[in-house]
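What follows is a short report on a single structure.
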Amino acid sequence: MLGAMQDWSMRITHVIDHAAREAGGREIVSRWADGSETRTNWAGIRRDALKMAQALLALGVEKGERVASLAMNHSRHLVSWYGVAGMGGVLHTVNPRLFDDQLEYIVNHAEDKVLCYDAAFQPIVDRMKDRWTTVEHYICYDSGEYSQSFEDWIGEQDGDFEWVMGSETDPCMICYTSGTTGNPKGVQYEHRSTLLHAMAGLQPSSFNFNPGNVMLPVVPMFHAASWGLPYAGAMAGIKFVFSAVNDPAVLHELMLREGVTDSAGVPTVWLAHFQYCDQEGIDLPPLKTATIGGSACPRFMIERLMRNGTRVQHAWGMTETSPIGTVGGPSSDWDRLSFDEKVDKTAMQGRPIFGAELRTVDLDDMQTLLPRDGKTPGALQIRGPWVIKRYFKAQVDAITEDGWFDTGDVGIIHPDGTLQLTDRTKDVIKSGGEWISSVELENAAVGHPAIAEAAAVGIYHPKWDERPVLFVVKKEGEDISAEDVNAFLADKVAKWWLPDAVEFIDEIPHTATGKISKKDLRDRYADYKLGNGAPAVLPMTWHG
Ligand code: ADP
């Protein structure tokens, strides 16, 4: 027998309807690339989303088809999030930092029919137009100098429209991973998965939103759904402050003037903000909460923000997980911890939010379940309603036979559920049957005042299997020797973790999303041989 509750399809149009009805007057502020500012509110976002849905149908876009955005954070991008889903379409948020070949591949692969873009990305559009074979209409978010302007385009509609309905498992957004190997892969979010992910993001142990919060998300709306913030924020009816530029001076001024309480971004964003405040001799903004993720948040960053009275939430996730898997909030023993212990705990990646389940398995056989003992590193796997099952257009599922997605990350799970990320499975170094974390080596090395960046990779070794080599970029004007580096590392990592060689190079290659590209580094140094007296003279190998 079935239960007897109402049918309420989990479509994200409910989210914008709720925000407009219950928090219609709550402001959405946008600071544009040309320095101008506009203000609207949740009722305005809904009104424009209805017009956009009509405008897309008028262009001939059909249910299930993809509409692309190539844009920074602002209210018109937010309108597109709801407008495209509201006509049954799928918003493809394109990352403007991708390389041209990737941009060509993903837009053609997604078969985007319309592309809405910021004027700042006109050079990309000019460059790519001939290579994008499916795009029929270009709309410019700012002005109509080269394409029709967004405001003129939706201004032709009256907004008298009913959202297109459908199944809650219909897709509503697609994001591509940046693809460190092979072509980028498309991850299609559903209405249901998006709604559940956003609801989970509201948990006090996660974003902890209430209507009084004012959020300035620095995490881009084009990457991994901006961590679901534009949906979670609508559910809670918070005020948003968007900036189309990431200049710390602009962000700082907006934070103070608009009473921003919460912000979210990758560590480099916070680093730039610290540097700006130091240069100007001013205090950090008085934020209540800073959510940091995308790559490991360094300890000094956590410490400085916490001393500023800001709660730091270190989050882990990936495009394939919508993206949130874990968030670091106060644990049950929080009040008993010393300041240093709180910083140590926050430096780990937090605990799973309800709906995300984690496990680790043996790195060799990828099967044996590992204990949550706070010390055994393993391949991190995840399952839940907002975790990928299959990549867009793929023929086979991307999960194990028993339904788990292998993240490619290496982690330790602690008895209280805290995740400690130690590496990527392709990068972890196996020496004499034990695992060396390349990330921990790198983090220890960049603690040296003369080191700007470091990357550790495993080199084949006949006796030990692999040994670490550390590639180091010196800070400008600094000098340092390989011996200095090893002496500095000596009390920070186990003796057998010390690199067999330290190589100084001018730059370390990065992916389009700013992460160290070990693949490019390995390709670049494929003929590398260990120097003087070192036993290994074979090309580098890696797991995979
Ligand atoms: P892209 O490579 O396109 O940036 P993702 O944003 O999906 O793709 O990257 C996800 C990966 O980023 C994770 O698998 C993990 O390796 C890394 N990552 C995310 N959050 C953290 C974190 N808090 N600490 C360390 N690594 C992280």
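Data overview
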read-out	value
Members of the stretch 169-193 found to be away from the ligand (no atom under 16 Å from the Cβ) and either among the hydroxyl-bearing types (Ser, Thr, Tyr) or surrounded by fewer than 19 Cβ atoms within 10 Å (Cβ to Cβ) (or both), listed by number	Thr169
Subset tally (residues that are part of a loop (DSSP other than H, G, I, E, B) and away from the ligand (no atom under 16 Å from the Cβ)) for the stretch 207-232	6
Total residues in the stretch 47-92, condition among the basic types (Lys, Arg) and in a helix (DSSP H, G or I)	3
Qualifying residues in the stretch 325-336 (those that are of a type in the set (Gly, Ala, Ser) and not in a strand (DSSP E or B)) - the one modelled with the highest pLDDT	Gly328
Pick from the stretch 337-391, criterion small (Gly, Ala, Ser), assigned to a loop (DSSP other than H, G, I, E, B) and out of contact with any helix residue (DSSP H, G or I) (no Cβ under 6 Å at 6 or more places or on another chain), ranking: surrounded by the fewest Cβ atoms within 10 Å (Cβ to Cβ)	Ser338
Test: Ala58 is under 25 Å from the mean Cα position of the chain (by Cα) and open to solvent by 20 Å² or more (accessible area, probe 1.4 Å)	no
All positions within the stretch 438-460 that are in a strand (DSSP E or B) and open to solvent by 10 Å² or more (accessible area, probe 1.4 Å)	Ala452, Glu453, Tyr460
Which numbered condition Gly309 fails, given (1) under 18 Å from the mean Cα position of the chain (by Cα); (2) more than 16 Å from the ligand (Cβ to nearest atom); (3) on the phi > 0 side of the Ramachandran plot	(1)
Qualifying residue in the stretch 137-151 (condition: farther than 27 Å from Val29 by Cα, among the polar types (S, T, N, Q) and open to solvent by 10 Å² or more (accessible area, probe 1.4 Å))	no
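For every residue, the table says whether it meets (1) under 17 Å from Ala482 (Cα atoms); (2) at pLDDT 90 or above.
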residue: Gln420; (1), (2): no, yes
residue: Ser431; (1), (2): no, yes
residue: Ile436; (1), (2): no, yes
residue: Asn443; (1), (2): yes, no
residue: Gly447; (1), (2): yes, no
residue: Ala454; (1), (2): yes, yes
residue: Tyr460; (1), (2): no, no
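The values are calculated or read from the model by the stated rules, or taken from the named source; none is laboratory data. These numbers come from a predicted model, not from an experiment. Neighbour counts are summed over all protein chains in view; Cβ atoms, including those assigned to glycine, are modelled from backbone coordinates with ideal geometry. All accessible areas refer to the heavy atoms of the entire protein, side chains included, with ligands and DNA or RNA removed. Shrake-Rupley method; radii C 1.70, N 1.55, O 1.52, S 1.80 Å.
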